[in-house]
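The structure under discussion appears below in the form of structure tokens.
The values are calculated or read from the model by the stated rules, or taken from the named source; none is laboratory data. All values reported here derive from a predicted model rather than from experimental measurement. Cβ coordinates were reconstructed from backbone atoms using ideal geometry, including for glycine residues, and neighbour counts include every protein chain displayed.
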Amino acid sequence: MTKPNDAANTIKIRSYVAADFEDMVLTINGAAEAYRGVIPADCWHDPYMPAEDLRSEMADGVEFSVSLIQNRVVGLMGVQRRQNVDLIRHAYVSPASQGLGVGSALLDHLCDGAVRPILVGTWRAAEWAIRFYSRHGFASVDNDDISALLRTYWNVPERQIATSVVLARPALSRAEAGRLLSEVGAVPKPSEPSPGL
């Protein structure tokens, strides 16, 4: 897929290839600097995602697409098929390429033709990410469904669950979220209030 823009900033989207790996790690960690001082300090790591963690995510089924400008990786985003939903995972755009439509092109590419609900989790404090997904047709799920969805479809620590939100496309009502969870044998539990939230 190629997105028209000025010639110097033409965005190309393709599946990740092994030669992209180092550029992907650099892009993730460069873009993740936006989280420093925003997400809880005990959730921040330096580097934010070491290469071995990215390899682990790929081994767990995250299929990445990359965006290129002038044949340089400037963004990446993954999709992970989990039971009865698709998850958007690890969406990052290099700081120098933000605002050029790179993230939008990647998200459109991954969501095009989707037939199952698409969920994305992000840090509650990452308001820019929540606005980005909202502009692209995602809607926040009810606070009472966040923990059950994160525990069912993601493998993240409890601290991250307590400080995250989930957005869905199409929007999920409480009943629809409950139906998805019951289809995979998950029993939604009432949310416990998170300290400091």
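Taken together, the criteria place residue 145 among residues that are touching a strand residue (DSSP E or B) at 6+ places or on another chain (Cβ under 8 Å), among the acidic types (Asp, Glu) and assigned to a helix (DSSP H, G or I). Annotation note: Cβ proximity below 9 Å between a residue of region 142-159 that is touching a residue at least 60 places away in the same chain (Cβ under 8 Å) and a residue that is assigned to a helix (DSSP H, G or I) and of a type outside the set (A, V, I, L, M) (sequence gap 6+ or interchain) occurs for 154/160; 159/42; 159/43. Here residue 124 meets the list (1) among the charged types (D, E, K, R); (2) under 22 Å from residue 183 (Cα atoms); (3) in contact (Cβ under 8 Å) with a residue 60 or more places away in the chain almost entirely, failing just condition (2). The selection criterion, being modelled with pLDDT under 95, among the aliphatic types (A, V, I, L, M) and surrounded by fewer than 17 Cβ atoms within 10 Å (Cβ to Cβ), holds for residue 41.
Looking at 91, 114, can you tell me which residue is closer than 26 Å to residue 177 by Cα and assigned to a loop (DSSP other than H, G, I, E, B)?
Answer to the check: 114.
Quickly run through region 160-172 and pick out the residues that are within 17 Å of residue 134 (Cβ to Cβ) and assigned to a loop (DSSP other than H, G, I, E, B). Selection gives 170, 171, 172.
Within region 111-160, restricting attention to residues that are closer than 19 Å to residue 57 by Cβ and polar (S, T, N, Q), the residue that is farthest from the chain's Cα centre (by Cα) is 152.
For region 19-28, the set of residues classified as farther than 21 Å from residue 127 by Cβ and either under 16 Å from the mean Cα position of the chain (by Cα) or not aliphatic (A, V, I, L, M) (or both) consists of 20, 21, 22, 23, 24, 25, 27, listed by residue number.
Do you know which residues across region 48-59 are exposed (fewer than 14 other Cβ atoms within 10 Å of the Cβ) and either part of a loop (DSSP other than H, G, I, E, B) or not acidic (Asp, Glu) (or both)?
Within region 48-59, 55, 56, 59 qualify.
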